[in-house]
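> Pasting a structure here, questions to come.
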Amino acid sequence: MSIIFTVQEKCKGCYACIRNCPVKAIRVKEGIAGVIEERCVACGACITICAVGAKQARSDKGVVRRLLGQSTPVIAVLSSVFPAAFPEVRSGQMVAAIKKLGFDEVTEAAFGAELVCREYGRMVRKNKGKPILASTCPAVTSLVEKHYPQLIDSLAPIVSPMVAMGRVIKWRYNPEAKVVFIGPCVAKKAEAEDEKVAGVVDAVLTFPELKEMLVAKGVDPLSEEEDRFSGPRPHLGRLFSVPGALLKIAGISDDILESDVVVAEGIDRAINCLMEFAQGKVKTKFMDIFFCQGCIDGPAIDKSLSLCGRREKIIDYA
């Protein structure tokens, strides 16, 4: 099944998804607005805009339940966005609730972010040649690969925090474990299946999928006693989901008087930056682009808090 698909009986043919798809990856056939998989970057814009819920992301709940039913250890990698997704829940309660589902351990993806940002810092400081395009956002990476192939050589050969943390677990911590990433991003489902990193992350749950599993199991995180995260304890990596945090964590200057670094977030700015970059209009040393307004505004996160409120929750936790 495609990462994003149309529930045909719900589709009203309103064309909202077609008008709002940034990569023209939706077409109407027999009155149904279907996704063109070879053009889709799994950004989730169509899911967010569809008022009737006809556009949906593939659920990995069944895969996760099967993993949890086996004897092999299953370790959750929790996105650094979780304080904004569960604003009333303490971090220890979140760990305890996820373990109630059957997970053996819960780790923070933020440690993977610290490993990744360290490499970006080294790469930018040593770079004397072509500009570098950050490859941390899977939707942006897919956008480059599918729609701006002339920029592929500019993509940093550095994995995302999700993959980095998955490798920490499988290469150093517990090679027998299965890894499940939990976060706000639909494109992570596609990233986990990329042949270059396949097998590192076994399944991806969005925050709504996690909430559905908790409800089905009768688990209320607010009622749980606090437990502890496993694995290395991150620090500034917990800020990673906030736009511009990569620069701070990596120790890269973001002085506004310098033109060596460009940070852009949001669909329109992301596409405009890439377009100008491809046309040679942007002269820069490093570009960090988010398809969303940072991961704190991913398509699979509760929007009851404002963007500023979500940012505040992340910073307070860090």
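The values are calculated or read from the model by the stated rules, or taken from the named source; none is laboratory data. Predicted model only: the values in this text are computed from it and were never measured. Please note: Cβ atoms are built from the backbone with ideal geometry, for glycine as well, and neighbour counts cover all protein chains shown. The protein model used for the area step is the full one, side chains on, heavy atoms only, and it has no ligands, DNA or RNA in it. Shrake-Rupley method; radii C 1.70, N 1.55, O 1.52, S 1.80 Å.
> Restricting to region 273-314, count the residues that are aliphatic (A, V, I, L, M), assigned to a loop (DSSP other than H, G, I, E, B) and either over 20 Å from the mean Cα position of the chain (by Cα) or within 25 Å of ILE4 (Cα to Cα) (or both). Lay out the reasoning, then the answer.
Narrowing region 273-314 to residues aliphatic (A, V, I, L, M): 274-275, 278, 282, 287, 289, 296, 300-301, 305, 307, 314.
Narrowing further to those that are assigned to a loop (DSSP other than H, G, I, E, B): 282, 300-301, 305.
Those left that are additionally either over 20 Å from the mean Cα position of the chain (by Cα) or within 25 Å of ILE4 (Cα to Cα) (or both): 282, 300-301.
Residues flagged as aliphatic (A, V, I, L, M), assigned to a loop (DSSP other than H, G, I, E, B) and either over 20 Å from the mean Cα position of the chain (by Cα) or within 25 Å of ILE4 (Cα to Cα) (or both) within region 273-314 amount to 3.
> Would you tally the residues in region 195-209 being touching a Ser or Thr at 6+ places or on another chain (Cβ under 8 Å) and surrounded by fewer than 17 Cβ atoms within 10 Å (Cβ to Cβ)?
Adding up the residues that qualify gives 0.
> When ILE169 is evaluated against the numbered criteria (1) within 30 Å of CYS46 (Cβ to Cβ); (2) open to solvent by less than 10 Å² (accessible area, probe 1.4 Å); (3) in a helix (DSSP H, G or I), which criterion, by number, is the only one it fails?
(1)
> Here's something else I'd like to know. Looking at region 59-94 only, could you name the residues that are under 20 Å from ASP227 (Cβ atoms), of a type in the set (Gly, Ala, Ser) and assigned to a helix (DSSP H, G or I)?
Answer for region 59-94, where residues must be under 20 Å from ASP227 (Cβ atoms), of a type in the set (Gly, Ala, Ser) and assigned to a helix (DSSP H, G or I): ALA85, SER91, GLY92.
> Within region 16-34, does at least one residue satisfy the condition of being surrounded by 13 or more Cβ atoms within 10 Å (Cβ to Cβ), of a type in the set (S, T, N, Q) and touching a residue at least 60 places away in the same chain (Cβ under 8 Å)? Before you say what the answer is, go through the steps one by one.
So the first thing to find is which residues in region 16-34 are surrounded by 13 or more Cβ atoms within 10 Å (Cβ to Cβ), and the list is 16-18, 20-23, 25-28, 32-34.
From what is left, the residues that are of a type in the set (S, T, N, Q) are 20.
In the following step, the residues that additionally are touching a residue at least 60 places away in the same chain (Cβ under 8 Å) were identified as none.
Scanning region 16-34, I find no residue that is surrounded by 13 or more Cβ atoms within 10 Å (Cβ to Cβ), of a type in the set (S, T, N, Q) and touching a residue at least 60 places away in the same chain (Cβ under 8 Å), so the answer is no.
> Quick one: would you say LYS12 is over 22 Å from PHE290 (Cα atoms) and in a loop (DSSP other than H, G, I, E, B)? I'd like the intermediate steps shown before the answer.
On the way: over 22 Å from PHE290 (Cα atoms): yes; in a loop (DSSP other than H, G, I, E, B): yes.
So LYS12 passes the test.
> Considering each of ARG27, ARG39 in turn, give the residue that is under 26 Å from LEU274 (Cα atoms), assigned to a strand (DSSP E or B) and touching a helix residue (DSSP H, G or I) at 6+ places or on another chain (Cβ under 9 Å).
Values: ARG39 fails: assigned to a strand (DSSP E or B).
Checking each option against the conditions leaves just ARG27.
> Residue under question is GLY112, and the condition is that it be of a type in the set (Gly, Ala, Ser), touching a Pro at 6+ places or on another chain (Cβ under 8 Å), touching a residue at least 24 places away in the same chain (Cβ under 8 Å) and within 25 Å of LEU247 (Cα to Cα); does it hold?
Working: of a type in the set (Gly, Ala, Ser): yes; touching a Pro at 6+ places or on another chain (Cβ under 8 Å): yes; touching a residue at least 24 places away in the same chain (Cβ under 8 Å): yes; within 25 Å of LEU247 (Cα to Cα): yes.
Judged against the criteria, GLY112 is a match.
> Condition test on GLU209, is it out of contact with any Gly (no Cβ under 8 Å at 6 or more places or on another chain), within 20 Å of ARG66 (Cβ to Cβ), in a helix (DSSP H, G or I) and not aliphatic (A, V, I, L, M)? Write out each step before concluding.
Details: out of contact with any Gly (no Cβ under 8 Å at 6 or more places or on another chain): yes; within 20 Å of ARG66 (Cβ to Cβ): yes; in a helix (DSSP H, G or I): yes; not aliphatic (A, V, I, L, M): yes.
It is true that GLU209 is out of contact with any Gly (no Cβ under 8 Å at 6 or more places or on another chain), within 20 Å of ARG66 (Cβ to Cβ), in a helix (DSSP H, G or I) and not aliphatic (A, V, I, L, M).
> How many residues are open to solvent by less than 10 Å² (accessible area, probe 1.4 Å) and either among the acidic types (Asp, Glu) or not in a strand (DSSP E or B) (or both) if we restrict to region 172-191?
Residues meeting the conditions: 5.
> In region 227-256, how many are more than 19 Å from VAL81 (Cα to Cα) and either modelled with pLDDT of 95 or more or not aliphatic (A, V, I, L, M) (or both)?
Selection size over region 227-256: 4.
> Residues being under 18 Å from the mean Cα position of the chain (by Cα) and among the polar types (S, T, N, Q): count how many of those fall in region 149-203.
1
> Taking region 95-135 as the search range and keeping residues that are within 19 Å of the chain's Cα centre (by Cα) and not in a helix (DSSP H, G or I), which one is surrounded by the fewest Cβ atoms within 10 Å (Cβ to Cβ)?
Step by step, filter region 95-135, then rank; the result is SER135.
> Assuming ILE152 fulfils every condition listed in (1) touching a helix residue (DSSP H, G or I) at 6+ places or on another chain (Cβ under 8 Å); (2) in a helix (DSSP H, G or I); (3) touching a residue at least 24 places away in the same chain (Cβ under 8 Å); (4) not charged (D, E, K, R) apart from one, which condition is it?
Condition (3) is where ILE152 drops out.
> Please find, within region 48-60, the residue that is nearest to ALA216 (Cα to Cα) out of those that are open to solvent by 40 Å² or more (accessible area, probe 1.4 Å) and of a type outside the set (Ser, Thr, Tyr).
Keep residues of region 48-60 that are open to solvent by 40 Å² or more (accessible area, probe 1.4 Å), which gives 48-49, 51-52, 56, 59.
Adding the requirement that they be of a type outside the set (Ser, Thr, Tyr) leaves 49, 51-52, 56.
Working: ILE49: 27, ALA51: 25, VAL52: 23, GLN56: 20 Å.
Once the filter is applied, the top-ranked residue is GLN56.
> Applying the selection to region 25-65, what residues are at positive phi and either β-branched (Val, Ile, Thr) or in contact with an Asp or Glu (Cβ under 7 Å, 6 or more places away or on another chain) (or both)?
Step one: filter region 25-65 for residues at positive phi, giving 30-31, 42, 44, 53.
Across region 25-65, there are no qualifying residues.
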